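The values are calculated or read from the model by the stated rules, or taken from the named source; none is laboratory data. All figures in this text were calculated on a predicted structure; none of them were measured in a lab. Backbone-built Cβ (ideal geometry, glycine too); neighbour counts: all protein chains shown. Protein only, heavy atoms only, side chains kept; ligands, DNA and RNA dropped before computing areas. Shrake-Rupley method; radii C 1.70, N 1.55, O 1.52, S 1.80 Å.
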Amino acid sequence: MIGLLRGGRMLAEESPQLLRQQYSAESLEEVFLKLAVLQNMGKRRRSSIAKEVIDNVTVPAISNPALDLSDEQDNAEISGEFGDNISMTSAIPDPISTPAVSALPVPPEEDVSVSLCNKQFMSSSHLHAIIWKNFLWMLRNKGTMLFIVGLPILQTFLFCYAIGHDPTGLKLAVANYEMNEEMISKQYCPSIVGCNQTQLSCRYLDMLVRNRSMVMIFTHTDDEATDLVRQGKAWGTLTIANNFTEALTDRIESGRYVDDGTLDASELKLRLDMSDQQIATLLFRDLVDTYYSFVDHQLSDCDINPGVARIPVIYQEPIYGAIIPSFNDFVAPGIILTIIFFLSVAITTGAMLLERNEGMLERSLVAGITGPEILFSLLVTQFTVMFSQCVFALLVVFYFFNTTLTGSIWSVLTMCVLSGLCGMSYGFVISCAVNTDRTATYVAMGSFLPNVMLCGIIWPVEGMYPLLRIISKIMPLTKPVESLRSILQRGWGISEPTVYYGFITITTWSVVFLFMSILLLKFKKG
């Protein structure tokens, strides 16, 4: 049973289905329009547009018991376009006959004991209706759904192609005084293999070009090489003495008896552009690693133990991870969880605000549907989208790009799903707390950077300020990122504290966000 009121008068009071049948209407809005026309019949109108609209409405000749205008005056006037902002100085009685209808006897009151056992928390019929309504929206908006499902795949591709790879084609300005004028002009330094002590500097530089993809720019002096770095045409300078080959050979053969001049001439003098720390660090690593390989090859060709020229620190096989670490393996767990988390925030916030802005949320609540039922229905429908996003993103990361996976794929999938559920719950909180899409976008964007910076995604938590470490530990993604990193790199299972702490943290935040959403739906006005 519903009631339709206008201008302080009850126009009708019946069930929606009966009203549509009586007034030959397809919707309650059409029923209300016809009742408004009946109410305005015989009144003067100051709006010609309203008269044209009303003249096109077919009103059935039926009685309306609820339409009672008996106390209104004979003359009336309607002001406002389309009947809005109605101001009636007087009115006429309902032109349709209104026979008296005897009221039905009131049934006796029944004493019903209220307890948690017989109180229904969720109705299966309500859930079926609103879940089906949400799925229908998805089926009718295929383009939007394809974009939502394909967006994490695109972002994962961009991450795997753009992040974690060693830079190539780095230019190095070399002032090699072992080269003559002709070699410098032709930008060519000949490399001689085998046990041959001839221009060892060219052999070393050749290994840099072949193994590390560096680009050599040969200059006459080290000042000229420095000018190239100052002009941004090279990332560093490398200076090699004119007697480098003899000094290096003497240094290896003489050992502790070598003089200071020989030591100085056998050294490679390097100056780097440290404005880009990552490139400078990788460039230094490549120069040092190539030098070790160069000395090993040279001594092995001459049947000398390569350990003679090595530093007395042996870098053995690592306990976890690869001997040459990849930044991609470090960042991948955080990026995966962040993508899934904030895409879930976006799709859930959009779905909830659509319900509110279209008036469907208020209609559902008026129809008797509870807040938990609305949240659960959105969880079911959005979970389907989120789960497909997780599966496709993991397929791209592990089976297309072969990212390191030492632990169980099911543990990884569970963590990603829990991250998506937490993001959906956070999206519910945002959409229930704000009223517009713009405000929701600001809140989501404002919470993105703190999560990325404070959750150990791009930099270890141990490098943060002590106060920020405390804040970081309670963030939603900090422990889950550590947990997923341990699963991928160390192969740990759920029994390890570092792993199950992540699962407990993400689950707890999901419950907290859902509880906040229910409270906001129940108590927030408007």
Residue list for segment 288-312, filter: open to solvent by 70 Å² or more (accessible area, probe 1.4 Å) and of a type in the set (Phe, Trp, Tyr)
Tyr292
Count of segment 381-400 residues which are more than 16 Å from the chain's Cα centre (by Cα) and open to solvent by 50 Å² or more (accessible area, probe 1.4 Å):
4
For segment 471-485, what are the residues that are part of a loop (DSSP other than H, G, I, E, B) and either open to solvent by 10 Å² or more (accessible area, probe 1.4 Å) or β-branched (Val, Ile, Thr) (or both)?
Ile474, Met475, Pro476
For segment 445-461, pairs from a residue that is assigned by the TED database to the domain that holds Thr338 and touching a residue at least 24 places away in the same chain (Cβ under 8 Å) to a residue that is aromatic (Phe, Trp, Tyr) and open to solvent by 20 Å² or more (accessible area, probe 1.4 Å), with Cβ under 7 Å and 6 or more apart or across chains, are Phe448/Phe342
Against the definition (open to solvent by 70 Å² or more (accessible area, probe 1.4 Å), within 16 Å of Thr290 (Cα to Cα), among the acidic types (Asp, Glu) and within 53 Å of the chain's Cα centre (by Cα)), how does Asp166 come out, yes or no?
yes
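Select from segment 4-13 the residues that are touching a Leu at 6+ places or on another chain (Cβ under 9 Å) and open to solvent by 40 Å² or more (accessible area, probe 1.4 Å) and write down the one among them that is farthest from Gln39 (Cα to Cα). Explain how you work it out, then say what you get.
Going residue by residue through segment 4-13, those that are touching a Leu at 6+ places or on another chain (Cβ under 9 Å) are 4-6, 9-13.
Next, only the ones that are open to solvent by 40 Å² or more (accessible area, probe 1.4 Å) stay: 5, 9-10, 13.
Details: Leu5: 11, Arg9: 9, Met10: 10, Glu13: 15 Å.
By that ranking, first place goes to Glu13.
Taking only segment 321-347 into account, find how many residues are of a type in the set (Gly, Ala, Ser) and either not assigned by the TED database to the domain that holds Ala444 or not in a helix (DSSP H, G or I) (or both).
Initially, segment 321-347 is screened for residues of a type in the set (Gly, Ala, Ser), giving 321-322, 326, 332, 334, 344, 346.
Right, trim to either not assigned by the TED database to the domain that holds Ala444 or not in a helix (DSSP H, G or I) (or both) and you get 321-322, 326.
Going through segment 321-347 one residue at a time, the tally reaches 3.
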Pairs returned, first residue in segment 499-513 that is over 10 Å from Ser419 (Cβ atoms), second residue that is open to solvent by 70 Å² or more (accessible area, probe 1.4 Å) and not in a helix (DSSP H, G or I), beta-carbon separation under 6 angstrom, 6 or more apart or interchain, are Tyr500/Ile494
Residues located in segment 142-163, provided they are open to solvent by 30 Å² or more (accessible area, probe 1.4 Å), of a type in the set (S, T, N, Q) and modelled with pLDDT of 85 or more
Gln155
Give the residues of segment 313-332 that are aliphatic (A, V, I, L, M) and open to solvent by less than 60 Å² (accessible area, probe 1.4 Å), sorted by residue number.
Val331, Ala332
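With segment 213-320 as the region, which helices (runs of 4 or more DSSP H) entirely inside it contain at least 3 residues that are of a type in the set (D, E, K, R)? Can you show your working first?
On the way: elements: 222-230, 244-254, 260-265, 277-301.
In segment 213-320, 222-230, 244-254, 277-301 are the helices (runs of 4 or more DSSP H) which contain 3 or more residues that are of a type in the set (D, E, K, R).
Per-residue answers, yes or no, for (1) crowded, with 18+ Cβ neighbours inside 10 Å; (2) of a type outside the set (S, T, N, Q):
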| site | (1), (2) |
| --- | --- |
| Leu205 | yes, yes |
| Met214 | yes, yes |
| Arg230 | no, yes |
| Lys233 | no, yes |
| Leu238 | yes, yes |
| Ser254 | no, no |
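Based on this model, can you work out whether Thr414 counts as assigned by the TED database to the domain that holds Phe342 and without any contact (Cβ under 8 Å) to a residue 24 or more places away in the chain?
On the way: assigned by the TED database to the domain that holds Phe342: yes; without any contact (Cβ under 8 Å) to a residue 24 or more places away in the chain: no.
Spelling it out, it is not the case that Thr414 is assigned by the TED database to the domain that holds Phe342 and without any contact (Cβ under 8 Å) to a residue 24 or more places away in the chain.
Against the condition among the acidic types (Asp, Glu), farther than 21 Å from Leu151 by Cα and open to solvent by 40 Å² or more (accessible area, probe 1.4 Å), how does Glu362 come out, does it pass?
Values: among the acidic types (Asp, Glu): yes; farther than 21 Å from Leu151 by Cα: yes; open to solvent by 40 Å² or more (accessible area, probe 1.4 Å): yes.
Judged against the criteria, Glu362 is a match.
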